[in-house]
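Chemist: Here it is: the structure, laid out below.
The values are calculated or read from the model by the stated rules, or taken from the named source; none is laboratory data. Given the structure is predicted, the values throughout are model-derived calculations rather than measurements. FYI the Cβ positions are ideal-geometry reconstructions off the backbone, even for glycines, and counts take in every protein chain you see. SASA here: full protein model, heavy atoms, side chains in, ligands and nucleic acids out. Shrake-Rupley method; radii C 1.70, N 1.55, O 1.52, S 1.80 Å.
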Amino acid sequence: MANDSITSQVAATIQNDSTIVEMAETIEKVKDTPISEWLPKLVDNYLVPLGLKLLVAFLILIVGRWLVKLLKNGLNRIMERRNTDASLRSFLGSLISVLLNFILIIIIISVLGINTSSLVALLASAGLAVGMALSGTLQNFAGGVIIMLFRPFKVGDYISAQGQEGVVKEIQIFNTIIQTLDNKVVTIPNGILSTGIMTNFAKEETRRVDWSFSISYGDDYDKAKTVLKRLCDEDERILKQPEVFVEIGKLNESSVDITVRAWVKTADYWGVFFSMNEKVYKTFPTEGLHLPFPQMDVHVKQ
């Protein structure tokens, strides 16, 4: 069925091409005429115009190929300046080269006088059908191109997206692979990753660590503040600027909550966070500070 359809379209194209039809009618009329009579007319009316068309088509081919190469190299230089992934540069270069060469071929066929409307319509229909069938895949492909071009994250960054957190292990054309802290491998489609909310914890060189430490009502707050600042000063991983922030954050039901904020290098974030929790737990009791727990006073009346 497909072959019959293509044959019908080719036949229709030939029938609609006035030059081919006219040439066929002329050949039919002069097949019994001496060659000396119809050969000059054939040369003047058909061969010379056809030769000119071939010459123009050849020139268009040479110039077109040069322009395609120029555009491809220019795009490649732009992507190199943006530090685009090498595999993406190669893929996009090949894709653009194929598209531009296809357009060049259509132009050359049109210059030669061949009707291209049926061919273009057939290719457009096929492209639409393929695009509808692969809509999700094409969305992921477009997302992968966007990620590699604008680089919101790179391999080795710790990100949070689509309810998942982990270290980026690989950025593919269609998916991004991350490894969670408990060693699970998660595959996230690039389509939703490029259009959804994503947090990159490794984008900046420094991060702020926040704690909330509690003391009991009646404990010496000024002493607790001094102890917390001393513990922060003793940790060389905590940056001196900006200064460590220590203030009362909340007067809770069973405790006085003290907010502590300090800046560290991104790579030291978790080490400083857990280390400070341990130091406070061990140091507060030795300084006469109590770590409160939920409690309730009950008064019984006789």
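Chemist: Starting from the Cα of residue 283, step 7 Å toward the Cβ, then list every residue of segment 197-220 with an amide N under 13 Å from that point.
Modeler: 213
Chemist: May I ask you to rank 203, 225 by accessible area, largest first, using a 1.4 Å probe over the protein chains only?
Modeler: Greatest to least solvent exposure: 203, 225.
Chemist: From the cross-link list 184/250; 225/282; 223/279, which pairs have alpha carbons spaced over 27 Å apart?
Modeler: Working: 184/250 38 Å; 225/282 16 Å; 223/279 16 Å.
Over 27 Å Cα-Cα: 184/250.
Chemist: Find the accessible area per residue for segment 189-279; the probe is 1.4 Å, ligands and nucleic acids are left out, and the unit is Å².
Modeler: 59
Chemist: In segment 214-302, carbon and sulfur make up what percent of the accessible area (probe 1.4 Å)?
Modeler: Working: 3310 of 6170 Å².
Roughly 54 percent, rounded to a whole number.
Chemist: How do 290, 299 stack up against each other in accessible area, from largest to smallest, with a 1.4 angstrom probe?
Modeler: Descending accessible area places them as 299, 290.
Chemist: Taking 0.36 nm per residue of sequence separation and subtracting the Cα-Cα distance, how much length would be gained by fully extending the chain between residue 293 and residue 225, in nm to one decimal? Don't jump to the answer; show the numbers that get you there.
Modeler: On the way: separation 68, 0.36 × 68 = 24.48 nm, distance 1.96 nm.
Separation in residues times 0.36 nm, less the Cα-Cα distance, equals 22.5 nm.
Chemist: Using only the heavy atoms of the protein chains and a 1.4 Å probe, how would 263, 270, 66, 211 rank by accessible area, largest first?
Modeler: Of 263, 270, 66, 211, the descending order of accessible area is 66, 270, 263, 211.
Chemist: Any chance you could look up the accessible area of residue 50 with a 1.4 Å probe, heavy atoms only, rounded to 10 Å²?
Modeler: 80
Chemist: Still on this structure, please answer the following. Charges only on Cβ, +1 for Lys and Arg, -1 for Asp and Glu: so what's the dipole of segment 152-302 about the Cα centre, in debye to the nearest 20?
Modeler: For segment 152-302, the charge dipole is close to 260 debye.
Chemist: Separate question: What does the net charge come to around residue 98 if you take all other residues with beta carbon closer than 14 Å to its beta carbon, with K and R at +1 and D and E at -1?
Modeler: Numbers: positive: 65, 69, 72; negative: none.
Taking every other residue near residue 98 into account, the sum is +3.
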